[in-house]
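Novice: Here you go, one structure.
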Amino acid sequence: MENCIGHRVHFLDRHVVKFNETDLLHEGDTQTFVYTALEGLSGAPHVPEVCACFEWSGMQYLVMERVNLPTVETWIAGAADAHEKHDRTNQACKAVSEALRYLFAVSVPANSCIGLIEGNFARQQSAQVLARSGYAQHFFFGVDFTAPHRYASAHALELHVNKALTYRPRRSLPLTVEISDERLVLVHGDIKPCNFLIDPSTLHVTLIDFGGISVLPASFISLSLHARTDRWHI
């Protein structure tokens, strides 16, 4: 067994166990929902199956299938020379782009709030814990990626963003956002090479780290794909 205590992850022979004080039940719901939505679709990325997700003695646990493949970051770094590294980077970008295309096309559950998906696992929590769990994760929300609230709708998020924009310097041009009428989609808030696994022989991608995948207005897709920091120059 390989342990990664810093990341609160245990790697077993056939399973991966994640544990934390909060948010793993919402992550389990999100991962299970995407697994079900993409299962059986030709060409869709692989999603590790959730085996169990529960709370015990103040900790939350997420047990899932282990996929014995390298991350995209590791695979690119293992290239023999600069030319091969360039080729692998291009191949990985195309493969991950195709995987994300499937993710973005998934229809979110009816009446979804802004944030991680809330399903049977998350509803195990008390009402108090549930109210402060499952917040949206995206670099838009700052250094810790976590939204300050669990917004009930795109309109609520729009109101908050526009209120925040009123605190810009006085000489700044007026700026507002209009996202109330956008459809809600699943958005990966941290697209970087270590957050995807890849099969070197087929270039088939496995999605991981579903704690970073949230229900958000569709314009957040563009924001994710056009981040100012390009993390694919490895």
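Novice: Collect the residues in region 124-149 that are hydroxyl-bearing (Ser, Thr, Tyr), under 19 Å from the mean Cα position of the chain (by Cα) and assigned to a loop (DSSP other than H, G, I, E, B), keeping them in residue-number order.
Specialist: Residues satisfying the conditions are Ser133, Tyr135.
Novice: Scan (1) over 27 Å from Gly40 (Cα atoms); (2) at pLDDT 95 or above; (3) among the hydrophobic types (A, V, I, L, M, F, W, C); (4) under 17 Å from the mean Cα position of the chain (by Cα) for the single condition Leu159 breaks and write down its number.
Specialist: If we test Leu159 against (1) over 27 Å from Gly40 (Cα atoms); (2) at pLDDT 95 or above; (3) among the hydrophobic types (A, V, I, L, M, F, W, C); (4) under 17 Å from the mean Cα position of the chain (by Cα), just (4) comes out false.
Novice: If Ile191 satisfies all but one of (1) in a loop (DSSP other than H, G, I, E, B); (2) without any contact (Cβ under 8 Å) to a residue 24 or more places away in the chain; (3) surrounded by 13 or more Cβ atoms within 10 Å (Cβ to Cβ), what's the number of the condition it fails?
Specialist: Of everything listed in (1) in a loop (DSSP other than H, G, I, E, B); (2) without any contact (Cβ under 8 Å) to a residue 24 or more places away in the chain; (3) surrounded by 13 or more Cβ atoms within 10 Å (Cβ to Cβ), Ile191 misses just condition (2).
Novice: Continuing with this model, one more query. Which residues, counting only those in region 106-149, are surrounded by fewer than 15 Cβ atoms within 10 Å (Cβ to Cβ) and on the phi > 0 side of the Ramachandran plot?
Specialist: Those that are surrounded by fewer than 15 Cβ atoms within 10 Å (Cβ to Cβ) and on the phi > 0 side of the Ramachandran plot: Asn111, Gly142.
Novice: Might you let me know whether region 11-28 holds any residue that is surrounded by 14 or more Cβ atoms within 10 Å (Cβ to Cβ), closer than 29 Å to Leu216 by Cα, in contact with a Ser or Thr (Cβ under 8 Å, 6 or more places away or on another chain) and β-branched (Val, Ile, Thr)?
Specialist: yes
Novice: Suppose we filter region 22-53 for residues that are without any contact (Cβ under 8 Å) to a residue 24 or more places away in the chain and either closer than 17 Å to Ser214 by Cβ or part of a loop (DSSP other than H, G, I, E, B) (or both); how many remain?
Specialist: Residues meeting the conditions: 5.
Novice: Here is a check on your reading of the model: is Ala152 under 21 Å from Gln60 (Cα atoms), over 16 Å from the mean Cα position of the chain (by Cα) and among the hydrophobic types (A, V, I, L, M, F, W, C)?
Specialist: no
The values are calculated or read from the model by the stated rules, or taken from the named source; none is laboratory data. Nothing here was measured: the structure is a model prediction, and the numbers come from that model. For neighbour counting, all protein chains shown are included, and Cβ atoms are generated from backbone atoms with ideal geometry for every residue, glycine included.
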